[in-house]
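Enquirer: There's a structure below that I have some questions on.
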Amino acid sequence: MKKTVIHYKQTKLAYAPDALVECINLYSKKYRALLIADSNEYLKDDNIPITDRSEINKCDLLHCHNRKLFYFPIADDKPKLIQYHSHPLLCDIDFWGFKCVVAQFQCLLPEYKSFHRVRNIINLDNHIYFPDGGYDAVRIGYSPTCTANATGSVEDKGYTQTCEILNVIKNQFSIEIDIITGVSLEECIRRKNKCHILIDECVTNSYHRCSLEALALGKVAVCSLDDSIRFVITQVTGGNDMPIDNIYINQLQSHLISLIKTPLHELIKRGKMNRLWMEQYWNPKNIVHEFERLYDILCR
């Protein structure tokens, strides 16, 4: 009989916990997963069963995301871990239990540096991530998670600068540019799938879920990475760098122009190679097996 893991999140978190629950239920032979979402922002999918706090005492392990769950005292006796997705100011860093952190910029912050690093999962077998060839002309997509620059803040993703560059590009080349905000995840992914080039963000030192989605969809992914993050990627993939176009904001305009001038079949070919990279080095089944190993240690 499979053991039960309850995942708990207070906020949306780009639906990353939902995707992990989905993949555990699809690929694990040892565990089944349920999700408690206090924010009521969760993906509606048969493989993401939603539960409430009344089920906590029946689970074998509690997997929290960013924040700990306060409940009946008996819950303190449950094996538990926390997975950090965000800046420490937004998380419970005093969590009493096993600690892990997504293998993005967060894992290099002093508060998280010693914690176990895990990959942010994408279910490549979910139909929304099946690559679409896109339109017959080059199309650029951009789905900013923050639309208000806050210089000096960890939330500053360069939205204004990026949009200014995209407007110049659009006027100069009369190409389609899709800036995607305020839509469901499925609609966002559908529109990204019609593009050939997808921009994550180019003002910090790290990739985000946007880059993983771009690679999964078989697109050219543009993002800024520094050497420390690239080293983290090689650690969690077994020595393989992520095939992202590593571009900072001051080079973004010239790089996009270069991509636009690239024959479309070459962009499509690069995208297919990116999808193959995800299947080999960011495979959801392998990531689930890594979590199984953690769960096995905690539940023994």
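Enquirer: Longest segment of the chain with no GluC sites (Glu not before Pro) in a DSSP loop having at most 16 other Cβ atoms within 10 Å?
Expert: 156-300
Enquirer: Now for a different question. List the relative contact order of the chain as a percent without decimals, with contacts defined as Cα pairs under 8 Å and 6+ residues apart.
Expert: Worked out over the chain, it gives 16 percent.
Enquirer: Additional query: Given H placed 1.01 Å from N in the peptide plane, which residues other than close sequence neighbours of residue 101 have an amide H under 5 Å from its amide H?
Expert: Correct list: 84, 116, 117, 118.
Enquirer: Helix 249-260: angle to the longest alpha-carbon principal axis of the chain, degrees 0 to 90, nearest 10?
Expert: Once rounded, the angle reads 70 degrees.
Enquirer: Once every Cα of the chain carries one equal point scatterer and solvent is ignored, give the base-10 log of I(q)/I(0) from the Debye formula at q = 0.10, 0.14 Å⁻¹, two decimals.
Expert: At q = 0.10, 0.14 Å⁻¹ the computed log10 ratios are -0.55, -1.05.
Enquirer: Helix 264-281 versus the longest principal axis of the chain: what is the Cα-based angle in degrees, 0 to 90, to the nearest 10?
Expert: For 264-281 against the chain, the angle is about 20 degrees.
Enquirer: Lys and Arg at +1, Asp and Glu at -1: add these up for the other residues within a Cβ distance under 12 Å of residue 3 and post the number.
Expert: My count for the surroundings of residue 3 gives +4.
Enquirer: Moving to a separate point now. Taking all protein chains in place and a 1.4 Å probe, what share, in percent, of the accessible surface of the chain do carbon and sulfur account for?
Expert: 51 percent
Enquirer: Moving on. Among residues other than residue 184 whose Cβ falls under 11 Å from its Cβ, what is the net charge (Lys/Arg +1, Asp/Glu -1)?
Expert: With Lys, Arg at +1 and Asp, Glu at -1, the neighbours total 0.
Enquirer: Now for a separate question. Please tell me the relative contact order of the range 1-138 in percent, rounded to the nearest whole number, where contacts are Cα pairs under 8 Å and at least six residues apart.
Expert: Once divided by the residue count of the range 1-138, the mean separation gives 20 percent.
Enquirer: Quick one: angle between helix 227-237 and the longest Cα principal axis of the chain, in degrees between 0 and 90, rounded to 10, please.
Expert: So the inclination is approximately 60 degrees.
Enquirer: Loop only per DSSP, at most 11 neighbouring Cβ atoms within 10 Å: give me the trypsin sites (Lys or Arg not before Pro) in the range 73-119, ordered by residue number.
Expert: Listed in order of number, the matching sites are 113.
Enquirer: Using amide H atoms built 1.01 Å from N in the peptide plane, name the residues 5+ places from residue 225, or on other chains, whose amide H lies under 5 Å from its own.
Expert: 247
Enquirer: Then there's this: Might you tell me the accessible area per residue for the chain, computed with a 1.4 Å probe and given in Å²?
Expert: Heavy-atom accessible area per residue stands at 46 Å².
Enquirer: When the Cα centres of the range 31-91 and the range 180-205 are compared, how far apart do they sit, in Å?
Expert: Taking the Cα centre of each part, the range 31-91 and the range 180-205 sit 28 Å apart.
The values are calculated or read from the model by the stated rules, or taken from the named source; none is laboratory data. Just so it is clear, the model here is predicted, and its values are computed rather than measured. Glycine gets a Cβ as well: all are built from the backbone with ideal geometry, and neighbour counts include every protein chain shown. Only protein heavy atoms, including side chains, enter the accessible area calculation; ligands, DNA and RNA are left aside. Shrake-Rupley method; radii C 1.70, N 1.55, O 1.52, S 1.80 Å.
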